[in-house]
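Colleague: Could you have a look at this structure, given as structure tokens, before my questions?
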Amino acid sequence: MTTKKMATLIIHAPDYRVKDGAKSFEKVIADGIGEGYAIGQKYISKLPQGSKVVLLRKDREKKRAEGTLIRLVPTNRYTPQGIQRYDVHTKGLTVVPFKSERLNRFGVAII
């Protein structure tokens, strides 16, 4: 019997986006909600409740936090390419030593 390994969702909360109205790394940790991340439909089924979530800040002060996915909530927004944006609800985000991850152009990775 093989156990299926759950995917890890990695999202980016860069400091430079805060001036455009995005939430800071610290605010995402405080309330557990990352807003407006573009996640392709083929990945949604690979991210059940309880999946690991990694929150990164790769600019200025490099930081990393890890927690657990509660749910992905679709927004009414899409990328120009038609990819649905989701609010990522997490719990237990805890700052851990920084380790970089490769992200797509929307600041997301699924590993």
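Just so it is clear, none of the values below were taken in a lab; they were calculated from the coordinates. Just so it is clear, the model here is predicted, and its values are computed rather than measured. All Cβ positions, glycine included, derive from the backbone under ideal geometry; neighbour counts span all protein chains shown.
Colleague: Kindly flag which residue pairs out of LYS23/LYS99; LYS63/LYS91; LYS27/LYS52; LYS58/LYS91; LYS42/LYS62 have an alpha-carbon separation exceeding 26 Å in this structure.
Modeller: Among LYS23/LYS99; LYS63/LYS91; LYS27/LYS52; LYS58/LYS91; LYS42/LYS62, the Cα-Cα distance tops 26 Å for LYS42/LYS62.
Colleague: For a test of the definition: using alpha carbon positions, the gyration tensor, and the 1.5 limit on a/c, classify the range 59-111 as rounded, prolate or oblate.
Modeller: Judged from the Cα gyration tensor, the range 59-111 comes out oblate (a/c at least 1.5, b/c at or above a/b).
Colleague: Could you tell me the relative contact order of the range 13-94? Use alpha-carbon pairs under 8 Å, at least six residues apart, and round to a whole percent.
Modeller: Relative contact order comes out at 33 percent.
Colleague: Also, I was wondering about something else. Please list, by residue number, every one of the GluC sites (Glu not before Pro) in the range 1-103 that is coil in DSSP and has at most 11 other beta-carbon atoms within 10 Å.
Modeller: Here the GluC sites (Glu not before Pro) that fit, given the DSSP loop and packing criteria, are GLU61.
Colleague: Something else now. Run the simple label-point estimate for THR94 and GLU61 please: 7 Å along Cα→C-beta, distance reported in nm.
Modeller: It works out to 2.0 nm between the two label points.
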